[in-house]
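Here the structure comes first, spelled out in structure tokens, and everything after it is commentary.
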Amino acid sequence: MSAVPLNPTPPARTSELSVTLLGATGSIGSSTIDLIRRSRDRYRVEAVTAARNATALAALARDLGARFAAVADPACYDELKAALAGSGIAAAAGEEALVEAAERPADWVMAAITGAASLKPTLAAAERGAVVALANKECLVCAGSLFMRRAAAAGATVLPVDSEHNAVFQSLSAGTRADVKRIILTASGGPFRSWPLEAIRQATLEQALKHPNWSMGPKITIDSASMMNKGLEIIEAHHLFDAAPEEIDVLVHPQSIVHGMVEFRDGSVVAQLGPPDMRVPIAHCLAWPARIAGANRLTFAQMTTLTFEEPDEVRFPALRLAREVLRTGQGAPTVLNAANEIAVAAFIDRRIGFPHIAALVEATLEASAARGVLREPEAIADALAVDHTARSLARDLLPEIAAKAI
Ligand code: NAD
Ligand code: MG
């Protein structure tokens, strides 16, 4: 493993930090806003964005005193404009408006848009050298090498918000990078952790949406049930920490108290613990390298057990697929991410069953390899072209996979 390419240079602190929230109306966005509201004098909100909930976005923008608000869907522009009338807050819509929000001069940007749709705006923030608090993992899976390279070249600071990666980031500060033996990401195991394969195959949408420990947006909740989330996180860790695939281990830890660990050469294992509340890693990124009040505290006396077990790649084939694409490299992770986004959306729309998610991803990977689509993306446009092709392959394969008895 080489040096951590996170360029950990603390932002120059003036009396207040200007912040932009990409994906302000979501789960991570709301947790971030909760922390900002508790220290209003420390933060000034520059821009906020949402997919299409213009009314909720306008209310947030007004309450936070933002200067700019953007919705991704152009059809929602009129509603946003009307809801912001008289506020002095600029309204915009469309993909370019999300990039404009990211380009506005905020010191710190929360990247919490779901999916590869986050790539362009997050990259825009990184390319102007901002501190990017990276919640979105799909953009690293879609175009990780490119993203990290461009962020480093621009002198951006990338702070991991994902709880496991934030834990690893904190644990890494206990030693030097050269002395790291392995990185351990913990996984709750999701709602189907102890279910037999047969039962997982019959799992309903409602069962998959019931995460035992974390309250999150729908896409990542389904990814947690399939354990694709952990697969994406292995790829995320590979890019964030410049770690080889074999240096990244996953351990199922149902209590979600130990979020990540780093094992050093001398046998020491340094871990970060905390309640399963995203406000803890977000607070770490908001104040970094200082600390602010986060969320609830851990009550050790109420903890009876902390357990760890090996993940099961047979019941959770998404983990195997993620390991495979990391080995294949080139455009394979981009295809995996794109196909998974299509598969999860189809599962949420009840067009495929739960086991069809991994099946569709695998079939799309095979079809992409057969068509020579797996070339290494050299530019963002290449990554987006692979992403686009993979999505249409996945859509084409969907009826055939949906009809399959698995
Ligand atoms: P969410 O669905 O609750 O919110 C997503 C936000 O992005 C919303 O503001 C939504 O309006 C916006 N959005 C969605 N699709 C968009 C699009 N195509 N264009 C523009 N905006 C769009 O999701 P979340 O749970 O907050 O997760 C956000 C990201 O953070 C994901 O990448 C997820 O993997 C990551 N993450 C979330 C958690 C968590 O606890 N929720 C933990 C770790 C990582
Ligand atoms: Mg995580």
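The values are calculated or read from the model by the stated rules, or taken from the named source; none is laboratory data. Worth saying up front: this structure is predicted, and the values here are computed from it rather than measured. We place every Cβ from the backbone using ideal geometry, glycine too, and count neighbours over all the protein chains shown. Accessible surface areas use protein heavy atoms only, side chains included; no ligands, DNA or RNA. Shrake-Rupley method; radii C 1.70, N 1.55, O 1.52, S 1.80 Å.
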State whether the residues of region 167-187 include one that is of a type in the set (D, E, K, R), under 20 Å from residue 245 (Cβ atoms), more than 16 Å from ligand 1 (Cβ to nearest atom) and part of a strand (DSSP E or B).
yes
Residue pairs qualifying under the 7 Å Cβ cut-off, at least six apart or on distinct chains, with the first in region 137-166 being within 12 Å of residue 236 (Cβ to Cβ) and free of Cβ contacts under 8 Å to residues at least 60 places away in the same chain and the second being within 16 Å of ligand 1 (Cβ to nearest atom) and in a helix (DSSP H, G or I), are 139/116; 139/118; 139/119; 139/122; 139/147
Just to be sure I understand the filter: pairs with C-beta atoms under 9 Å, separated by 6 or more residues or on different chains, first member in region 172-184 and within 22 Å of residue 256 (Cβ to Cβ) and of a type outside the set (Ser, Thr, Tyr), second member modelled with pLDDT under 95 and open to solvent by 30 Å² or more (accessible area, probe 1.4 Å). Which pairs pass?
172/4; 183/1
Verdict on residue 122 being away from ligand 2 (no atom under 16 Å from the Cβ), within 21 Å of the chain's Cα centre (by Cα), polar (S, T, N, Q) and part of a helix (DSSP H, G or I):
yes
Tell me which of these residue 204 doesn't satisfy, since it passes every other one: (1) of a type in the set (Val, Ile, Thr); (2) touching a Lys or Arg at 6+ places or on another chain (Cβ under 8 Å); (3) under 30 Å from residue 356 (Cα atoms); (4) more than 16 Å from ligand 1 (Cβ to nearest atom).
(2)
Any idea which residue in region 146-179 is nearest to ligand 2 (Cβ to nearest atom), counting only those that are in contact with a Gly (Cβ under 9 Å, 6 or more places away or on another chain) and open to solvent by 30 Å² or more (accessible area, probe 1.4 Å)?
170
Given the structure, is residue 291 open to solvent by 40 Å² or more (accessible area, probe 1.4 Å), over 17 Å from residue 190 (Cα atoms), away from ligand 1 (no atom under 16 Å from the Cβ) and in contact with a helix residue (DSSP H, G or I) (Cβ under 9 Å, 6 or more places away or on another chain)?
yes
Of 281, 276, the only residue that is within 12 Å of ligand 2 (Cβ to nearest atom) and open to solvent by 40 Å² or more (accessible area, probe 1.4 Å) is 276
Would you pick out the residues in region 382-406 that are modelled with pLDDT under 95 and either of a type in the set (A, V, I, L, M) or loosely packed, with under 12 Cβ neighbours inside 10 Å (or both)?
405, 406
Within region 383-406, can one find any residue that is over 21 Å from the mean Cα position of the chain (by Cα) and in contact (Cβ under 8 Å) with a residue 60 or more places away in the chain?
yes
Which numbered condition in (1) open to solvent by 30 Å² or more (accessible area, probe 1.4 Å); (2) over 20 Å from the mean Cα position of the chain (by Cα); (3) under 23 Å from residue 230 (Cβ atoms) is the only one that residue 360 fails?
(1)
